[in-house]
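No value in this document is a laboratory result; all are computed from the given coordinates. Note that the structure is a prediction, hence the values are computed from the model and not measured. Every residue, glycine as well, gets a Cβ built from its backbone with ideal geometry; the counts of neighbours run over all protein chains shown.
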Amino acid sequence: MHVHAPAESSFVTVDQLAERFKINRFTIYHWLKSEPERLPKVSRLFGRILFSEAAIAAFVANPPASRPERRGRPPRQVAPPVPPKRRGRPTKAEQVARRSAEWRQP
């Protein structure tokens, strides 16, 4: 059984799509992995990434909702400062205090 594929001209390559949307082709590859909703539906044919003209037309007619811009890394969560650990063997007073605290616990 032979499956008839649409003509090659009805598909657009990554380079052609980048030129059409005026973005870098590496941006398209990045969005394919991280944010595929920002691109038209992808077709993979013999290992090539292609976009159909119909999918591009539908995407342009109904683009995804805009998102707030994300630039750089998200702000880091700062952990509360941790007191430095004492090095070496505890003093006799610390040993006695720990032992008496352990005895008082039920």
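Once fully extended, how much extra length lies between residue 41 and residue 58, figured as 0.36 nm per residue of separation less the alpha-carbon to alpha-carbon distance?
Separation in residues times 0.36 nm, less the Cα-Cα distance, equals 5.2 nm.
Straight-line reach only, C-alpha to C-alpha below 18 angstrom: list the lysines that residue 33 could link to, leaving out same-chain residues fewer than 8 apart.
The qualifying lysines are 41.
Considering Cα pairs under 8 angstrom that are at least six residues apart, work out the relative contact order of segment 8-61 and quote it in whole percent.
Relative contact order, segment 8-61: 38 percent.
Please work out whether segment 8-61 counts as rounded, prolate or oblate from its C-alpha gyration tensor, where a ≥ b ≥ c are the square roots of the eigenvalues and a/c under 1.5 means rounded, while otherwise a/b larger than b/c means prolate and anything else oblate?
Taking the square roots of the gyration eigenvalues as a ≥ b ≥ c, segment 8-61 is rounded.
Using R₀ = 25 Å, calculate the FRET efficiency as 1/(1 + (r/R₀)^6) where r is the Cβ-Cβ separation of residue 105 and residue 85; round to 0.05.
The pair residue 105/residue 85 has a calculated efficiency of 0.65.
List the lysines whose Cα lies under 18 Å from the Cα of residue 85, skipping any in the same chain that are fewer than 8 positions away.
Partners within reach: none.
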